[in-house]
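Data block below; observations after.
Every number here is computed from the coordinates shown, using simple stated rules; none is lab data. Values in this document were obtained by computation on a predicted structure and should not be read as measured data. Counting neighbours? That spans all protein chains shown, and the Cβs are built from the backbone with ideal geometry, glycine included.
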Amino acid sequence: MEFSPVVKRVLLAGGDSDFSSSQQDALTAINIVTSVISMIGSGFIACSMLYISYRGWRDNGEILLKKIHSRLVFMLAVSDVNYSFAMLMGDPSDGSSLCYFQAIWGSFFELTSVGWVVAIAYYLWQSFTRAEVVDEIEEEKDSKSEEEREAQRQQEEQEHEKWMWYKIWASNWGFALFWTCIPFADGNHYGESGAWCWIDDSDAGDAMRYYCFYIWLWIAIGLICFLYYQLGASVFNLIEENNKLKNSGSSEGSGGYTFCKVLKMLWSPQANMDANDAAMINIVRRLCLYPIILIGSWIFGTVNRLQQTFDSTNPNFGLFVMHIWTSNMNGFFNALVYGYNGPFGDSCRRYCCPSSDAGNRDLNDTTDPEGHDSSLDPAVASTKAQGDVEGNASRM
């Protein structure tokens, strides 16, 4: 087996942490196996969403991919499939056309994958916090019937989501394309990067690894954590308002949601909650998985690149293994959280296995009649929660 120049230098350096031939073969095998698993998981999500949308169109029902939250999840799955396809090539020879293809293709789609996760977080956040459309309709409630107000709300929501989709798509792909082209600004810094092809290990290339990906990755993680924290606080505010109304206006206040208080309510027993509160808590708990997956998928990659920067002559085999395994499995974990949920499974069974009973749902299930998860369309959950609060107030 012929190794690339970087690996040859590693093999000749001596020491306990040098990569042997068997270790290099193991890295390549792990790379390929994890890429296949991730591609299967993400590919299933993408293909299933296409099929469900086709069946909805054929049956004159609702088309799944007309919903912006479904489009975002679909594009995330597509990006993960393409990134896995790039990594599936293993460790091509440095300077080969296959090496350049893997480096460029993988660089673009790993950036878009992170971008779609940020876009989903932003969409969920703004869906709970945006109130302009609702406020405008409320101002006209005396002059319009309920049907007219609902039609106007749906029309304005559709227009808002249409333009939001175009802006998100253009921003994400434009951003990824720009930073994918940066390694060409000073010659060509795409090439061998250890156990696969990416940005090379030259001094300029080492810096580019950070400002073309890792800096933006951790900015994205910080932004996602911030958005989901605000989203969780908004949901908990609804829950507390609901509880105050049920307690006849109890004066006990929160004084604002601190991080510790949010965590305390997040992991509080659901036995003491009503069905609506428990459903919203379940939504927020699931939202917490999104940044955890992104952090878990790239923490070892970040540590590995830092280790290479400060001690490039002694690469750590364990870090390389964890880097490959976690980053390649990112698409599979995204598929589990964003796609493999009860409502999505109900939709698949409804169209693929009509004889199965997909209609029996738990009372705490947060799905609409079409089987869409309200945790991916939080405007529904927010409106429902606010309606429960108003309903309780009218009964007091």
Considering only the other residues whose Cβ falls under 11 Å of the Cβ of residue 309, what net charge follows from Lys and Arg at +1 and Asp and Glu at -1?
-> -2
Taking the simple approach of a point 7 Å from Cα along Cα-to-Cβ for both residue 47 and residue 171, what is their distance in nm?
-> 3.3
Could you pull the Cα extents of segment 204-243 along its three principal axes, largest to smallest, in whole Å?
-> 57, 7, 6
Quote the FRET efficiency, to the nearest 0.05, computed for residue 207 versus residue 230 with a Förster distance R0 of 35 Å and r equal to the Cβ-Cβ distance.
-> 0.55
From a point 7 Å beyond the Cα of residue 122 in the direction of its Cβ, which residues of segment 203-245 have a backbone N at a distance under 19 Å?
-> 212-232
Return the FRET efficiency for the residue pair residue 309, residue 157: r is the Cβ-Cβ distance, R0 is 35 Å, and the value is rounded to the nearest 0.05.
-> 0.15
FRET efficiency, 1/(1 + (r/R0)^6) with R0 22 Å, evaluated for residue 241 and residue 148 via beta carbons | 0.20
What the Cα atoms of segment 41-114 span along the principal axes, largest first and in whole Å, is 52, 19, 17
Once you put a point 7 Å from the Cα of residue 325 and another 7 Å from the Cα of residue 55, both along the Cβ direction, what distance in nm separates them?
-> 3.6
Subtracting the Cα-Cα distance of residue 21 and residue 336 from 0.36 nm times their residue separation yields 110.0 nm
